[in-house]
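Sending over a structure as structure tokens; questions will come in a sec.
What follows is calculated from the coordinates using simple rules that are stated; it is not laboratory data. All figures in this text were calculated on a predicted structure; none of them were measured in a lab. Note that we place each Cβ from the backbone using ideal geometry, even for glycine, and neighbour counts take in every protein chain shown.
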């Protein structure tokens with residue numbers, strides 16, 4: 001484990017001994033599609049979604065049932081899936097991606113329901129509390145400063161949120177959305193933009209960085225957003241404004257997940273991993289023999305504390321060499337079969 005001092009605190013390395021963690025294991029690798037998001041309900045019910053490998057079967061959606069992995073066929077081709085909801089929402093997972101793609105997957109029936117896109121943009125993030133309160137965010141990456149969109153689902157249909165109330169010229173592309181309640185939802189994106197929904201309207205918050213923020217997540221105590229370009233940036237809010245808490249030397253971080261116990265995890269460039277220990281982010285050596293050209297894009301922590309990280313060769317298009325790794329106490333199957 002590498003002990004890295006916080007830039008702002010000047011406190012030097014965390015004096016506590018390194019936290020002992022379960023070893024990391026590569027579960028799946030060399031997949032034909034890069035994996036971009038991971039979620040589930042337990043260590044024996046895990047979903048990973050990602051790029052469309054161009055085989056006519058649609059974007060990669062993998063499910064783990066506690067024994068092995070199987071691909072779920074979406075019947076939608078030509079769009080990469082960028083994200084899956086961090087929880088099951090009234091019996092369904094929601095997945096979003098390119099060309100305004102929104103899929104509702106019902107595990108009970110094994111069926112996908114493609115929602116009608118509102119416009120041809122890339123949706124990078126989705127989050128919801130209930131089936132009548134779901135948010136999706138994205139934009140056009142070729143117009144990063146003004147093409148950001150927020151879509152909202154009320155249980156009946158999707159509508160576009162009027163973002164001109166935030167900025168008449170438009171808002172930056174938004175990459176992720178997450179919230180605590182109906183009246184506390186956050187979205188982050190290009191140029192370090194941070195937005196908050198208070199139950200009535202979206203407002204822009206002061207941001208301690210101008211660097212892109214790719215993921216936002218949190219729990220009852222903290223909200224964490226991460227990003228960067230080559231090198232990383234991490235910002236946090238804990239009962240106050242967001243502050244830059246980036247450790248020195250941290251690589252770009254693409255994904256964040258903060259479980260209820262507050263010990264968050266970040267994953268990113270060159271398969272880098274960092275954990276929140278106390279109030280400090282500590283970069284961790286995973287010990288995996290992983291090609292450093294592969295990047296992690298997202299992480300999820302299961303109810304048992306197991307950490308799942310997904311990625312691959314995800315810079316550019318097509319995205320390939322899909323990778324899934326796990327750190328936890330359970331045995332995890334590595335067999336992948338077709339549906």
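With the cut-off at 1.5 for a/c, could you classify segment 54-101 from its C-alpha gyration tensor as rounded, prolate or oblate?
Oblate shape, in that a/c is at least 1.5 and b/c is the bigger or equal ratio.
Going by how many other Cβ atoms sit within 10 Å of their own, how do 99, 63 line up, fewest first?
Final ranking by Cβ density, sparse to dense: 99, 63.
So for the chain, averaging the separation of alpha carbon pairs under 8 Å that are six or more residues apart and normalising by length, what relative contact order in percent results?
Here the relative contact order equals 19 percent.
From the P(r) of segment 24-332, can you give the percent of Cα pairs sitting at distances over 32 Å?
Cα-Cα pairs of segment 24-332 separated by over 32 Å account for 18 percent.
Can I ask one more? Just need the relative contact order of segment 206-339 here, percent rounded to a whole number, with Cα pairs under 8 Å and 6+ apart.
About 15 percent, as a whole number.
Can you sort 327, 131 from fewest to most other Cβ atoms within 10 Å of each residue's own Cβ?
Ascending number of Cβ neighbours within 10 Å: 131, 327.
Please give the Cα centre distance for segment 91-106 versus segment 191-268, rounded to the nearest Å.
Taking the Cα centre of segment 191-268 as reference, the centre of segment 91-106 is 24 Å away.
Taking the Cβ of each residue in 141, 150 as the centre, tally the other Cβ atoms inside 10 Å and list the residues starting with the fewest.
Listing 141, 150 from fewest to most nearby Cβ atoms yields 141, 150.
Hey, with R₀ at 30 Å, roughly what FRET efficiency would residue 120 and residue 169 work out to, going by the Cβ-Cβ distance, to 0.05?
For residue 120 and residue 169, the calculated efficiency is 0.90.
At q = 0.16 Å⁻¹, what is the log10 ratio I(q)/I(0) for segment 66-208, with the Debye formula run over Cα points and no solvent?
-0.81
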